[in-house]
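Report on one structure; see the data block that follows.
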Amino acid sequence: MTSDDTPGDGVMIGYPSPRGDFPAPILGPGHLLRPGTVIYRGVKAGRGLETGHHVVIREECILGDMVHVWSNTVIDYGCRIGGRVRIHCNVYVAQFTIIEDDVFVGPGVIFANDPHPGCRHGSPCLAGPILRRGCRVGAGATLLPGVEIGEEALVAAGAVVTANVPARTTVAGAPARSLGAVEDLKCRQGRERGPYGR
C-alpha cells in the first residue's frame, strides 16, 4: 500500500502509455493506493484519492478531490471525474466518460463509448456516457455511448440505458429490441456504405 510518497508493494505510479509520452502523474495529498493499483503517466488527481486492489487509471484522466475507486476497476484514458465520486468494484469506465461531483457507481457497471464497435473509422465517434451531479447507478447496469444521466437520477440495478435519463428520474429494465439486420445499419458519418466498411 502506498500513502502519499511512501512506496508500496505492487503499486505502480507513472506507468508509460503506448499512446505517447505524457508527464508524470500528479496526485494530491492524502492518497491511499492499495496493492495492484496502476496509475499511468498523464493522470491528475486531487486530494484523498483512494483505490482498492488492482485498480487501473489510464492516461489523460483528471479526477477531483476524494474520489474512491474500488477493487478490479478500470478507468480508461481521457475521462473527467469530479469530486467525492465513489466507483465500486469491477467497473469499466470507457474512454471519454464524464462523471460530475457526488456520483455513485455500483459494482459491475459497464460504460460503453463506441456506437459501432470494430469499425476502422470508429475513433472519432467515441463518446462515453455523461453522469451529472449526484446521480446514482445501480449494480450491473450498462450505459451506452453518449447517454446522459441527469442530476440526482437513479439507474436501477441491471438496467440497460440506451437514451438520456432526465434529472431526478428513476429508470429500470433492459429495453433491448430488434432494430433489423446489422448489414442494414448506416454509417452516421458517411465514411462507409455500412458501419463496418462493407
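Read-outs: derived from the displayed coordinates by stated rules, not from any lab. This is a predicted model, so every value here is computed, not measured. Here the Cβ is made from the backbone with ideal geometry for all residues, glycine too, and neighbour counts use every protein chain on show.
With the cut-off at under 12 Å, measuring from each backbone N in segment 64-87 to a point 7 Å along the Cα-to-Cβ line of Leu126 picks out 76-79.
Rank Gly173, Ala127, Phe96 by how far each Cα sits towards the positive end of the charge dipole of segment 45-181 (+1 on Lys, Arg Cβ; -1 on Asp, Glu Cβ) and give me just the farthest. Positive-most Cα among the choices belongs to Gly173.
With contacts taken as Cα pairs under 8 Å at a separation of at least 6 residues, segment 128-173 carries a relative contact order of 37 percent. For the peptides 146-158, 18-30, 72-84, 49-61, residues were scored by their other Cβ atoms within 10 Å and the scores averaged per peptide; the highest-first order is 49-61, 72-84, 146-158, 18-30.
If we count every other residue with Cβ under 15 angstrom of Phe96's Cβ, Lys/Arg +1 and Asp/Glu -1, where does the sum land?
Working: positive: Arg19, Arg58, Arg80; negative: Glu59, Glu60, Asp76, Glu100, Asp114, Glu148.
Combined, the nearby Lys, Arg, Asp and Glu give -3.
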